[in-house]
Each structure stands twice: as structure tokens, then as C-alpha cells.
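To keep things clear, I will list the structure first and then write my remarks on it.
The values are calculated or read from the model by the stated rules, or taken from the named source; none is laboratory data. Bear in mind that the values here come from a model prediction, so they are computed numbers and not experimental data. For neighbour counting, all protein chains shown are included, and Cβ atoms are generated from backbone atoms with ideal geometry for every residue, glycine included. Heavy atoms of the whole protein, side chains included, go into the accessibility calculation; ligands, DNA and RNA do not. Shrake-Rupley method; radii C 1.70, N 1.55, O 1.52, S 1.80 Å.
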Amino acid sequence: MFPSVREWLGEVFDELFAIDAKLPRSLRKLLWPPGELTLEWRRGRRVKYVAPFRLYLATALPFFLAWPFTPFGTVLQSSAAGFMEGFADGEGQVGRMAMPGDHRFEVAVQVLSDNLPGLVMVLFVPVFAGLLLAVTRGSGRFVGSLITAFHIHTLGFLAMILTVPVNLLFGADTGQVLALVLLLMLLAYVVVAIRRVYGTTVLGAALRAVAVTSVYQILVIGVIGGSVGILSMML
């Protein structure tokens, strides 16, 4: 006898995201103390936790749905627009490139900001892992840094999802302040996680965290801005 659609979807969801007792246990270790879930995987205590990629997927899906309602979408659009304005020659156009105020530019910015989560999921987690590996040379293989990156992004996705009700209830201005506070809190989390996972000093962890997140942010904005320029020329 074949299962109903509801039963089948439930089985698929459970298989993909491992929704059982492992999930709350994994989230507790992820939240506190920073880096503990990664350390548990390094210690070989993996059976009772959700695998890093599955845990990442379990938060990436709701994050993808929530993204348009977070304060980060507005901040991203402003960053992308500012990036493109840097190419302006005072006439509002660079060749055939659409600039702010031009309908093609606005469409390009909107398309990129709406689809950024997919771009992050495909590209920027391995990039973040590579940056971690670069600043912690001799501290393990790429897979170890990738697991750390999955866990950090999972926490970031959860935090951004939680900004949605605040942004909707209190407006964009409050949402942007919250976004700034949240980014600072995430940076502090990354500092502590790096210190615990890689065994560095607090100062060393802080310098590494600032370096990784700064380069990461530059790459994100650069790719988005460049993509907006290319897309606007194609419209």
C-alpha cells in the first residue's frame, strides 16, 4: 500500500533534516557555548547530533523563506546600489550599465537581493571555510573548517529568522539597528568559537574573526555589486 502525500512528505522531510531528538540537542550545543557542537564532532561524539550539513539545510530553508522580511534585505540593496554608484561618471550611466533611478538597475538589484540566500548557500559557506583555513594554518583540514563554517552559518540563519517579527512589527529603522546589533553579536560568537575550536588566545581569535568576516563581507558585496552590474547590462 502506497503512503499518502502527507505521509510521503513527512518521510522526505525527516530524511532530509533528521527531525528527531537530535535536533534540539544539536541546537543547544550550537547556541552555547560557542564552538561546542564543532568540538563534539572533532571528539567523535557524532551519533547523537544532526550532521552539520543537515542541520545547515534545516535552517537554510526557513531562512530562505524569511529573507525578504528581514532587515538585511534593505541593507543589502543599499550596499549594492552604493557599489554601483562608485562606477558612475557623473552622468548617471557607465556605457550601457543601468544606474540608480534607471528601471533596469532597480530590477537588477531586486532580483539579486531576492535570490541572495541561494547564492550564499551555494558559494559563500565554502568561501568562509577557506578563509578560516587560511587564518588558522596547521589547525586541520578543509573539512574541519567547513564544519565550523556550517555551524556558524546555521546560527546566523537562526538569528536572522528571529529578526523578522521585529522588523515587521517595528519597521525598517528599528530593523536596521537590530541588524547592526545582531552582526556585532555574531562577530563575538565567531571570536569565541574560533578561540575554543582552534585553541588560540582571545586576541588571536579576535584578529582572525575580524579578518575572516571583513574579507567575507567584501567578497559578498563585491559579488553582489558585480552581479547587479552584469545583470543590469543584460536587461
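Part of a helix (DSSP H, G or I) and modelled with pLDDT under 85 - does that describe any residue in the range 194-213?
Taking the range 194-213 first, the residues part of a helix (DSSP H, G or I) are 194-198, 202-213.
Still in the running and modelled with pLDDT under 85: none.
Within the range 194-213, not a single residue is part of a helix (DSSP H, G or I) and modelled with pLDDT under 85.
Regarding the range 222-233, can at least one residue be identified that is at pLDDT below 90, among the hydrophobic types (A, V, I, L, M, F, W, C), open to solvent by 50 Å² or more (accessible area, probe 1.4 Å) and under 14 Å from the mean Cα position of the chain (by Cα)?
No, the range 222-233 contains no residue that is at pLDDT below 90, among the hydrophobic types (A, V, I, L, M, F, W, C), open to solvent by 50 Å² or more (accessible area, probe 1.4 Å) and under 14 Å from the mean Cα position of the chain (by Cα).
I need a count of the residues in the range 184-208 that are open to solvent by 90 Å² or more (accessible area, probe 1.4 Å) and not β-branched (Val, Ile, Thr).
Qualifying residue count, the range 184-208: 5.
Of the residues in the range 129-154, how many are open to solvent by less than 10 Å² (accessible area, probe 1.4 Å), modelled with pLDDT of 90 or more, touching a Phe, Trp or Tyr at 6+ places or on another chain (Cβ under 6 Å) and not small (Gly, Ala, Ser)?
Residues flagged as open to solvent by less than 10 Å² (accessible area, probe 1.4 Å), modelled with pLDDT of 90 or more, touching a Phe, Trp or Tyr at 6+ places or on another chain (Cβ under 6 Å) and not small (Gly, Ala, Ser) within the range 129-154 amount to 1.
For residues that are among the small types (Gly, Ala, Ser) and loosely packed, with under 13 Cβ neighbours inside 10 Å, tally how many sit in the range 209-221.
Restricting attention to the range 209-221, the residues satisfying the condition of being among the small types (Gly, Ala, Ser) are 209, 211, 214.
Next, only the ones that are loosely packed, with under 13 Cβ neighbours inside 10 Å stay: 214.
So the count comes out to 1.
Anything in the range 167-177 that is in a helix (DSSP H, G or I), at pLDDT below 75 and open to solvent by less than 100 Å² (accessible area, probe 1.4 Å)? List them, or say none.
Within the range 167-177, Asn167, Ala172, Thr174, Gly175, Gln176 meet the criteria.
Among Leu16, Leu30, which is the only one that is modelled with pLDDT of 90 or more and either touching a helix residue (DSSP H, G or I) at 6+ places or on another chain (Cβ under 7 Å) or closer than 15 Å to Ala149 by Cα (or both)?
Leu30
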